[in-house]
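Let me begin by presenting the structure, written as structure tokens, before commenting on it.
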Amino acid sequence: MNIFTEFRHRVVKAVEALGVEAKDGGALDFAKLGIEPPRDASHGDIATNAALVLAKQAGMAPRDLAEKIAEKLGEDSDVETSGIAGPGFVNLKLADGFWRKQLKTVLDQEAGYGSSDLGGGRKINVEYVSANPTGPMHVGHCRGAVVGDALANLLAFAGYDVTKEYYINDAGVQIDVLARSVLLRYREALGDQIGEIPEGLYPGDYLVPVGEALAEEYGRDLLQMPDDEALAIVKDRAIETMMAMIRDDLSALNIHHDVFFSERDLHADGAKRIRTAINELTMNGHVYKGKLPPPKGQLPDDWEDREQTLFRSTAVGDDIDRPLVKSDGSYTYFAADVAYFMDKYKRGFEEMIYVLGADHGGYVKRLEALARAVSGGKAKLTVLLCQLVKLYRNGEPVRMSKRSGQFVTLRDVVDEVGRDPVRFMMLYRKNLEPLDFDFAKVTEQSKDNPVFYVQYASARCHSVFRQAAEQFGEPVEADTSALDLLTDETEIALIRKLAEYPRVIEAAAQAHEPHRIAFYLYDLASALHGHWNRGTDDDSLRFVKVNNPQLTRARLGLVQGVLNVLRSGLSIVGADSPAEMR
């Protein structure tokens, strides 16, 4: 239960019970009524602007209305005190009994606690990674992969019907380059001297096994075939092998897509699907023949002063109309985007999210315009841009990978530090902020390493249950009927933190910001560790009290509640909730 949503209902009922009406005798408009934690925690647990947003409608002074609302809310058995601050904010301090009821909810709902019906089953497509299948995943793909995957997990937990999708860029010049690079390795496997890898081809050693497999299967036959026939065979084999490598790399990061969509399918049958998509846009008045004005400044080499087939994207929010057909008659990359988005829309998705690198910022407006044109404004398209990741080891920049020949691979990073540190730390900054990833720091066992600190909290929870079993001579479980024994201020504070989780889930899902989950988990872990440390100094606060089994079972309820939420949040992040640290 989102307690802030719950108290919004209570505030509305309180105002209605007061008989407050709009000056014209109509109903009050509660649309701008807000419920949130006070900025200053000393002011209470919940603050509402009800009096401020309703006073003008009701023809009353804000503080006068605030006094009435505060008095009415003070009658609620879950409210310990109600007061007024500033020009008319109403602040509520909730009773300890209310918080203990929230802990019971956490325990009763187990893994479902924090989940929401916010999405209402709305179909949403999250496309992320979508790297060219020309080699292993590099660390530049890693951040977008984690952000996209965690966001998809978050949205599913918040009640959306989510599809995780990967768009395979398996058409275009880069695939021709890949095929020629593999042919070179194929000749090498046959014993030919190939010398240095020519500039413009892919130099990484990862293509050596592909060439060897082709040599074993075909011998020298590929060299006897016409060039286009040999390249077609090599392209298929190379793409298949590269995608198997990419899937394996993503699996190591605990990422598994539901759909792999091939760009080549859009170009099949003479690019039938692209033609069909453009024809539909044309029928709806979004395509025309015309000339584009020259870009400002120096003209690019590929600019042509000619009549073109153009998408009228400026009519739907873009800066410039976009070409759909090249001078040689082939379709532009954006034309494939048109067909791909139309395919998603016809699959029934009401919202599409694209997770892209920061260097794709120029694509945002054209994709948003495309969504408006294709769906008539019915579908929502969101682009999340992820800034670069810089790798360090003890503060020193990390050199490139020998395997790739050009860059540090995603697998290099996962193999060295583990999946969980990679996933958690890729979320420990907002996606638009640059991220420094230091191998030494993310494996450090200290409070300064967020993933260790959070997972250590999980291990500590498990250790409490092991300790209880040792001291009582048998496993001991939480007892929800004994929760009234939780009276210490830090125990109640821990429950407050647990009660924030549903609100964090909904806010993070609405904002498309999965990093909020990582931040929340760190705060929850900090609260647990702080309470643990108090128990170290004060024996009366320890979780396990052999001379008081009921109190022990109540406190185990608190520990179990923390563990439930840690498991839930770490599951969204894509990391484990360990029983012990090794």
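Taken together, the values in this text are just the output of simple stated rules run on the coordinates, not laboratory data. Computed from a prediction, not measured in an experiment: that's the story for all the values here. Note: ideal-geometry Cβ built from the backbone for every residue, glycine included; neighbour counts use all protein chains shown.
If you take the residues in the range 224-240 that are among the β-branched types (Val, Ile, Thr) and out of contact with any Pro (no Cβ under 8 Å at 6 or more places or on another chain), which one is surrounded by the fewest Cβ atoms within 10 Å (Cβ to Cβ)?
Initial filter on the range 224-240 (among the β-branched types (Val, Ile, Thr)): 233-234, 239.
Right, trim to out of contact with any Pro (no Cβ under 8 Å at 6 or more places or on another chain) and you get 233-234.
On the way: Ile233: 17, Val234: 23.
Taking the candidates together, the pick is Ile233.
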Tally, over the range 457-473, of residues that are free of Cβ contacts under 8 Å to residues at least 40 places away in the same chain and either surrounded by 20 or more Cβ atoms within 10 Å (Cβ to Cβ) or part of a helix (DSSP H, G or I) (or both):
3
Wholly within the range 79-160, strands (runs of 3 or more DSSP E) carrying at least 1 residues that are surrounded by fewer than 19 Cβ atoms within 10 Å (Cβ to Cβ), touching a residue at least 24 places away in the same chain (Cβ under 8 Å) and of a type in the set (D, E, K, R)
89-94, 123-127
Going residue by residue through the range 410-420, is there one that turns out to be surrounded by 16 or more Cβ atoms within 10 Å (Cβ to Cβ), closer than 15 Å to Ile572 by Cα, in contact with a helix residue (DSSP H, G or I) (Cβ under 7 Å, 6 or more places away or on another chain) and not small (Gly, Ala, Ser)?
yes
I'd like the full set of residues that are of a type in the set (Lys, Arg) and without any contact (Cβ under 8 Å) to a residue 24 or more places away in the chain, limited to the range 46-66.
Lys56
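Pick out the one residue from Leu483, Leu494, Leu435, Leu427 that is more than 25 Å from the chain's Cα centre (by Cα), among the hydrophobic types (A, V, I, L, M, F, W, C), surrounded by 19 or more Cβ atoms within 10 Å (Cβ to Cβ) and under 30 Å from Ala509 (Cα atoms).
Sole residue among the options that is more than 25 Å from the chain's Cα centre (by Cα), among the hydrophobic types (A, V, I, L, M, F, W, C), surrounded by 19 or more Cβ atoms within 10 Å (Cβ to Cβ) and under 30 Å from Ala509 (Cα atoms): Leu494.
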Within the range 348-364, of all residues that are closer than 26 Å to Gln387 by Cα and surrounded by 22 or more Cβ atoms within 10 Å (Cβ to Cβ), the one farthest from the chain's Cα centre (by Cα) is Met352
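If you check Tyr345 against the conditions, is it buried (at least 17 other Cβ atoms within 10 Å of the Cβ), of a type outside the set (S, T, N, Q), in contact with a Phe, Trp or Tyr (Cβ under 9 Å, 6 or more places away or on another chain) and closer than 27 Å to Lys378 by Cα? Quick ask: steps written out before the conclusion?
Values: buried (at least 17 other Cβ atoms within 10 Å of the Cβ): yes; of a type outside the set (S, T, N, Q): yes; in contact with a Phe, Trp or Tyr (Cβ under 9 Å, 6 or more places away or on another chain): no; closer than 27 Å to Lys378 by Cα: yes.
No.
Mind checking whether some residue in the range 55-77 is farther than 24 Å from Ala158 by Cα, of a type in the set (Asp, Glu) and surrounded by 16 or more Cβ atoms within 10 Å (Cβ to Cβ)? Can you show your working first?
Applying the first criterion (farther than 24 Å from Ala158 by Cα) to the range 55-77 yields 55-77.
Those left that are additionally of a type in the set (Asp, Glu): 64, 67, 71, 75-76.
Checking which are surrounded by 16 or more Cβ atoms within 10 Å (Cβ to Cβ) leaves us with 67, 76.
Yes, some residue in the range 55-77 is farther than 24 Å from Ala158 by Cα, of a type in the set (Asp, Glu) and surrounded by 16 or more Cβ atoms within 10 Å (Cβ to Cβ).
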Residue identified as farther than 30 Å from Val414 by Cα, surrounded by 14 or more Cβ atoms within 10 Å (Cβ to Cβ) and either without any contact (Cβ under 8 Å) to a residue 12 or more places away in the chain or not charged (D, E, K, R) (or both) among Val504, Val476
Val476
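Inside the range 175-260, counting only helices (runs of 4 or more DSSP H) that do not spill past its ends, which hold 3 or more residues that are touching a residue at least 12 places away in the same chain (Cβ under 8 Å) and of a type outside the set (Val, Ile, Thr)? Talk me through it step by step, then tell me what you get.
Numbers: elements: 208-218, 221-224, 227-252.
Because the criterion is at least 3 residues that are touching a residue at least 12 places away in the same chain (Cβ under 8 Å) and of a type outside the set (Val, Ile, Thr), the helices (runs of 4 or more DSSP H) in the range 175-260 that meet it are 208-218, 227-252.
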Given the conditions (1) surrounded by 11 or more Cβ atoms within 10 Å (Cβ to Cβ); (2) in a helix (DSSP H, G or I), and given that Ile320 satisfies all but one, which numbered condition is not satisfied?
(2)
